[in-house]
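This report concerns only the one structure given below.
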Amino acid sequence: MGSLTPFLDLPSPNAKFQQVDQTTLLNLFKSQQNQLNYFFQNLNLSQALTFTQTLLNCNGTIFFSGVGKSGFVANKISQTLISLGIRASFLSPVDALHGDIGALSASDILVLFSKSGNTEELLRLVPCAKAKGAYLVSVTSVEGNALTAVCDMNVHLPLERELCPFDLAPVTSTAIQMVFGDTVAIALMGARNLSKEEYAANHPAGRIGKSLIFKVKDVMKKQNELPICNEGDLIMEQLVELTSKGCGCLLVIDGDSHLIGTFTDGDLRRTLKASGEGIFKLTVGEMCNRNPRTISPDAMAVEAMKKMESPPSPVQFLPVIKDDNILIGIVTLHGLVSAGL
């Protein structure tokens, strides 16, 4: 096997690169901030308002299209609107000419994002979209471009220059496209009076959605998962039940499933320390907490978490009871965290 020594002296593939110093990076951020400020200071608010109102009044689907980096932005904005419950979609200008334009109808709006406004793929799409009867809107940054001459509405996004030293890489132009599109999306959200609950319903897998959708009954353990015992049971006979169900407690009930109290592994340690060998004769009912915190199955899961964390001291579980103090389940802090709350 050959030695690795000759390779140790090879120059790094990045040897020709200079290090980025803090001052250079700070100046770039400041420059980008100035470019964004130029956009905000010169944006035609009346034009933006008309655009927003047009989208709000759309009876069909709002389609977004673009090529390259503008295409990524258009796609992202369409996804933002969808998450707000607004009918929107991204239409690839290339795929549109190969069948996808069939999704377009006369009740739809097609928003075309392009920095230059002279993107060939979008210009080829325009007559086909017009033939479908869609309302066309161009969103561009260069004055007097080809798209503005063929669309029904035009929105100009003021751009002084790209942050790129050659004024070529689309980094500032895409930033203002994103800011513009997402700001309009939030304006539509407000105009449509979207509630927090409705927003959560569109994000059921996210933490916000779960906190507003999941109820205790959706995340609680029940039936055979419950660490149940009777108050007359000896503590030492219930150690397997205490430890095997992963709840850190025993739920003490009577013959009709009424909750009498709880006995935790902490109670076990305290009882053992105080009673010594006397613990072998003690029943769970003698040492259990007869006034535990409980919660309803119809309470929100996030409320269960708040109740566990409330004074005087936090707890790791809550028995779940229904009318007449009937035990039907248990919700644990570990279960809530595992559910993403």
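Taking segment 275-341 on its own, what percent of its Cα-Cα pair distances exceed 13 Å?
Working: 1524 of 2211 pairs.
Looking at segment 275-341, the distances longer than 13 Å represent 69 percent of pairs.
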Using alpha carbon centroids, what distance separates segment 58-123 and segment 146-196, in Å?
14
When ligands, DNA and RNA are left out and all protein chains stay put, how many square angstrom of accessible area per residue does the chain have with a 1.4 Å probe?
56
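Test of understanding: given the chain, find the longest segment containing no chymotrypsin sites (Phe, Trp or Tyr not before Pro) that are in a DSSP loop and have at most 14 other Cβ atoms within 10 Å. Could you put the intermediate results ahead of the total?
Details: sites that count: Phe17, Phe166.
Here the longest segment lacking exposed loop sites spans 167-341.
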Kirkwood-type radius of segment 23-77, with distances r between different C-alpha atoms, in Å
14.0
Using only the Cα atoms of segment 27-116, what are the Rg and Dmax in Å?
15.3, 48
Length-normalised contact order of the chain, Cα under 8 Å, at least 6 apart, in percent, tallies to 13
Across 5 Å bins from 0, what is the distribution of all Cα-Cα pair distances for segment 98-182, in whole percents?
3, 14, 24, 21, 18, 11, 5, 3, 0
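How large a share of the accessible area of the chain, in percent, is made up of carbon and sulfur atoms when the probe is 1.4 Å and the other protein chains stay in place? Kindly include the intermediate steps, with their values, before the conclusion.
Working: 10450 of 18970 Å².
Answer for the chain: carbon and sulfur cover 55 percent of the accessible area.
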With Cα coordinates, the longest principal axis of the chain makes an angle with the long axis of helix 120-131, in degrees rounded to 10, of 80
How long is segment 131-286 along each principal axis, judged by its Cα atoms, biggest number first, in Å?
93, 42, 24
Area of Asp218 that stays accessible when all protein chains are in place (1.4 Å probe, Å², to 10)
90
For Glu120 the rounded accessible area (nearest 10 Å², probe 1.4 Å, non-protein molecules ignored) is 120
Per the Cα gyration tensor, the chain corresponds to an equivalent ellipsoid with semi-axes, largest first in Å, of 61, 31, 18
What residues qualify as long-range amide H neighbours of Leu250, i.e. H under 5 Å apart, gap of 5 or more or another chain, H built at 1.01 Å from N?
Phe263, Thr264
Quick one: what does P(r) look like for segment 22-194 with 10 Å bins over all Cα pairs, in whole %?
10, 39, 35, 13, 3, 0
I'd like the projected area of segment 216-339, averaged over all directions, using the convex hull of its alpha carbons. Report it in nm² with one decimal.
7.4
Computed over segment 22-194, the relative contact order (Cα-Cα under 8 Å, seq sep at least six) in percent reads 24
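So, R0 is 25 Å and r is the distance between the beta-carbons of Val179 and Lys132; what FRET efficiency does that work out to, to 0.05? Display every interim value, and only then the final one.
Numbers: r = 30 Å, r/R0 = 1.20.
Result of the calculation: an efficiency of 0.25.
The values are calculated or read from the model by the stated rules, or taken from the named source; none is laboratory data. The structure displayed is predicted, hence computed values, not measured ones. In this analysis, Cβ positions are derived from the backbone assuming ideal geometry, glycine residues included, and neighbour counts consider all displayed protein chains. Heads up: the accessible areas ignore ligands, DNA and RNA and are worked out on the full protein's heavy atoms, side chains in. Shrake-Rupley method; radii C 1.70, N 1.55, O 1.52, S 1.80 Å.
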